[in-house]
Amino acid sequence: MRTHRFLLVAPSLLSSGEAITLLHMAEAIERNGDECVLLAGGALRRVAQSRIRGAVLALTDSLEANRALWKHALAISAPHAIVFADYPLMFHSSGVAPLADEAWALALERLDAALVTFDHLGLASAEGRIIPFGPPHMTFALEVTARLPPGMRVLLPCPIHDPASAQRPEGIAFRSWSGTAGTIDEARTTRQELGVAEHELLVLYSTPAWASRIADDLRLPHHRYVLPILRDALHALDRPVAVAMMNAVTDDEAGEGVRGIALPPLPVDRFERLVGAADLVLTDNVVSSAMGKAIQLRRPCAALVNSHCLSELHDIGDDTGVRWANAMERERIGSVFPWEVFPVWSKDDLHRLGMDRNPGFRRAYARVEMFGGDNSGEVLADLLDGDGNDVLASARHAYNGALDALPGPYESLRMALA
């Protein structure tokens, strides 16, 4: 059987979700006897070097160096196909390694290689659309979505996309990851490595590095308030809670049995083990890959959201939620605004991108209002003590059944190239 060669390109310097999907694709390619070269930015290159046999080349923040690296990657891979995660990101003005422009795209179209892209966020079907990144009153960036090269195939990673149909006009849906929950002993070891005691509940709060950076640039205090708000919401639980926080701020207060653990950047496999060991996975990004993994590992999970502006919270919120919202506003006017993906996208933004059309996914996690006060505390407590998990567990089971019917990374790639 003829060996196929692939060049895999992950341009992001900050975001990890798209790149990790590409890493799982690279592993699947090599398991099936084909070859790949990975061209990657950010921390992915260090992780990939220990997980795949093929060459891993490091993109930089230098356009000139990256152009030379691109030519080298083409020469050593002689690819039958080039796979991007995600192609529209190549043209973004920040957060990605500089490489692409109009001349580069035209040269790409002339290569004797099939072209494939993942589409994690609906950008592949949004040519020419202006996409805001940031709240409307302090927008961080505006990006115009690039045109896909003629004939480029599109793969739709699930669980972010709806697995209801394996093939559709906008692309081929595929199961991007097939991890399994570890044993009880493995989960216990993972918790012990964090210093979590046997009697403690473990909440994993995961926010992307890019979200933390944008919040810092906009001087939004959000990530310093998550732990105090959780401490307030969970104070009545009978068991102490350890909150492992990724890309957020912890403190040294023991306050009411809820303590924070600051997480360093974790290797992909260790992070996935941590998801499987947590009693609750919490994120402030409703299209988070971490929440997708939690659903696949059948772990309780919730999306922290804010559906209201400050004036609406004053009208409908309880005293606790309003108190936290006011405290944030005193630090930075404009800190309280509606979001589903903090701090960049609201529910309307996700609708425009088509990322709200995944009913099975939405049923598999709980929505928790950040400024919901006592109501949010009750939802979180129900998730942690097990009483609120029956309906969600059933939804996770059904959703995983739909995911299991999808082709895996390698199979979907071969389908796209057929």
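Only residues that are in contact with a Leu (Cβ under 6 Å, 6 or more places away or on another chain) and outside any loop (DSSP other than H, G, I, E, B) were counted across the range 100-123, and they come to 2.
Taking the condition surrounded by 15 or more Cβ atoms within 10 Å (Cβ to Cβ), touching a Phe, Trp or Tyr at 6+ places or on another chain (Cβ under 7 Å) and either on the phi < 0 side of the Ramachandran plot or modelled with pLDDT under 90 (or both), does PRO409 pass? Step through it out loud before you land on a result.
On the way: surrounded by 15 or more Cβ atoms within 10 Å (Cβ to Cβ): yes; touching a Phe, Trp or Tyr at 6+ places or on another chain (Cβ under 7 Å): yes; either on the phi < 0 side of the Ramachandran plot or modelled with pLDDT under 90 (or both): yes.
Answer is yes for this residue.
Of the candidates VAL47, VAL37, the single residue that is modelled with pLDDT of 90 or more and of a type in the set (A, V, I, L, M, F, W, C) is VAL37. Flag: ILE172 does not match the condition of being at pLDDT 85 or above, of a type in the set (Val, Ile, Thr), in contact with a Gly (Cβ under 8 Å, 6 or more places away or on another chain) and surrounded by 14 or more Cβ atoms within 10 Å (Cβ to Cβ).
Kindly state which strands (runs of 3 or more DSSP E) lie completely within the range 16-99 and contain at least 1 residues that are open to solvent by 30 Å² or more (accessible area, probe 1.4 Å), touching a strand residue (DSSP E or B) at 6+ places or on another chain (Cβ under 9 Å) and under 24 Å from ALA146 (Cβ atoms).
On the way: elements: 35-40, 56-58, 81-84.
It comes to 56-58.
Confirm whether SER335 is open to solvent by less than 20 Å² (accessible area, probe 1.4 Å), at pLDDT below 90 and either hydroxyl-bearing (Ser, Thr, Tyr) or in contact with a Lys or Arg (Cβ under 7 Å, 6 or more places away or on another chain) (or both). When the stated conditions are applied, SER335 does not pass them.
This table checks each residue for (1) more than 19 Å from ILE295 (Cα to Cα); (2) modelled with pLDDT of 90 or more; (3) of a type in the set (Lys, Arg).
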| residue | (1), (2), (3) |
| --- | --- |
| ARG357 | no, no, yes |
| ARG363 | no, yes, yes |
| ALA381 | no, yes, no |
| ASP387 | no, no, no |
| HIS397 | no, yes, no |
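Does ILE82 count as among the β-branched types (Val, Ile, Thr) and over 26 Å from SER206 (Cα atoms)? Judged against the criteria, ILE82 is a match. In the set (1) closer than 13 Å to LEU304 by Cα; (2) open to solvent by less than 20 Å² (accessible area, probe 1.4 Å); (3) of a type in the set (A, V, I, L, M), VAL379 fails one condition alone, (2). Can you spot a residue in the range 338-346 that is of a type in the set (Asp, Glu) and open to solvent by 40 Å² or more (accessible area, probe 1.4 Å)? No, the range 338-346 contains no residue that is of a type in the set (Asp, Glu) and open to solvent by 40 Å² or more (accessible area, probe 1.4 Å).
With respect to ARG357, determine if the residue is open to solvent by 60 Å² or more (accessible area, probe 1.4 Å) and closer than 16 Å to LEU121 by Cβ. Steps first, please.
Details: open to solvent by 60 Å² or more (accessible area, probe 1.4 Å): yes; closer than 16 Å to LEU121 by Cβ: yes.
Spelling it out, ARG357 is indeed open to solvent by 60 Å² or more (accessible area, probe 1.4 Å) and closer than 16 Å to LEU121 by Cβ.
Of the residues making up the range 183-233, those that are of a type in the set (Asp, Glu), farther than 30 Å from SER93 by Cα and assigned to a helix (DSSP H, G or I) are ASP185, GLU186, GLU193, ASP232. Remark: pairs (first residue in the range 280-305, open to solvent by less than 10 Å² (accessible area, probe 1.4 Å); second residue part of a strand (DSSP E or B) and aromatic (Phe, Trp, Tyr); Cβ separation under 6 Å; 6+ apart in sequence or on different chains) = LEU282/TYR205. Checking the range 380-393 against the condition returns no match, with no residue being part of a loop (DSSP other than H, G, I, E, B), out of contact with any Gly (no Cβ under 6 Å at 6 or more places or on another chain) and farther than 30 Å from THR180 by Cβ.
The values are calculated or read from the model by the stated rules, or taken from the named source; none is laboratory data. Keep in mind the model is a prediction, meaning the values are calculated, not measured. Using ideal geometry, Cβ is built from the backbone for each residue, glycine included, and neighbour counts are taken over all protein chains shown. For the accessible areas, the whole protein counts, side chains as well, though only heavy atoms, and no ligand, DNA or RNA atoms are used. Shrake-Rupley method; radii C 1.70, N 1.55, O 1.52, S 1.80 Å.
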